[in-house]
Amino acid sequence: MSKRRVVVTGLGIISPVGSTVKSAWETILRGESGIGPITRFDVSAFPVRFGGAVRDFDVSQYISPKDARRMDDFMHYGVAAGMQAVVDSGIDFSKVDTNRCGAVMGAASAAWARSKRNTALICRPAVRARSRRSSCRRRSST
């Protein structure tokens, strides 16, 4: 058995049930779901119109507007959760060996918005006009 240790010193979360560890935990304890109607884009072309979306998250608490414009939402969430974890840990990086510090992050369905934009570029009318056999079809106007 390995004698290496892992120590969890700080937590952070941005999720459909809350944008802080405290709010997410309180929501879970109340038995509330983070699932609800999708409102961030037009879902009329899709059979499912509900999902788990992050709500009431203010990126400006964590990232400057200039930097935020250069990132997808999933990056905002990761940076914010990481910053929350550092604050929660109370770590003072000037007093520790930073070569022995690390972080673990998990995410699901990241980069959806970027994938959507890239698909729209690939499937734009000019491209489809060149190839009548294009497999791209527009499903919504957004």
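The values are calculated or read from the model by the stated rules, or taken from the named source; none is laboratory data. Since the structure is predicted, the reported quantities are computational estimates derived from the model, not experimental observations. FYI the Cβ positions are ideal-geometry reconstructions off the backbone, even for glycines, and counts take in every protein chain you see.
Things worth noting here:
- Residue list for the range 73-85, filter: out of contact with any Leu (no Cβ under 8 Å at 6 or more places or on another chain) and buried (at least 16 other Cβ atoms within 10 Å of the Cβ): Asp73, Phe74, Met75, His76, Tyr77, Gly78, Val79, Ala80, Ala81, Gly82
- Scanning the range 45-59 for residues that are surrounded by 10 or more Cβ atoms within 10 Å (Cβ to Cβ) and farther than 17 Å from Phe74 by Cβ gives Ala45, Phe46, Arg49, Phe50.
- When Lys3 is tested against (1) in a loop (DSSP other than H, G, I, E, B); (2) over 30 Å from Gly102 (Cβ atoms), only condition (2) is not met.
- When the range 10-40 is filtered for residues that are in a loop (DSSP other than H, G, I, E, B) and touching a Gly at 6+ places or on another chain (Cβ under 9 Å), the ones remaining, listed by number, are Gly10, Gly12, Ile14, Pro16, Val17, Thr20, Ser33, Gly34, Ile38.
- Every residue from the range 59-71 that is more than 13 Å from the chain's Cα centre (by Cα) and either in a loop (DSSP other than H, G, I, E, B) or hydroxyl-bearing (Ser, Thr, Tyr) (or both): Ser60, Tyr62, Ile63, Ser64, Arg70
- Test: Ala85 is closer than 23 Å to Gly102 by Cβ, out of contact with any helix residue (DSSP H, G or I) (no Cβ under 8 Å at 6 or more places or on another chain) and in a helix (DSSP H, G or I): yes
- Test: residue in the range 98-114 that is at pLDDT 75 or above and aromatic (Phe, Trp, Tyr): no
- Residue check for Val43: part of a loop (DSSP other than H, G, I, E, B) and touching a Pro at 6+ places or on another chain (Cβ under 7 Å): no
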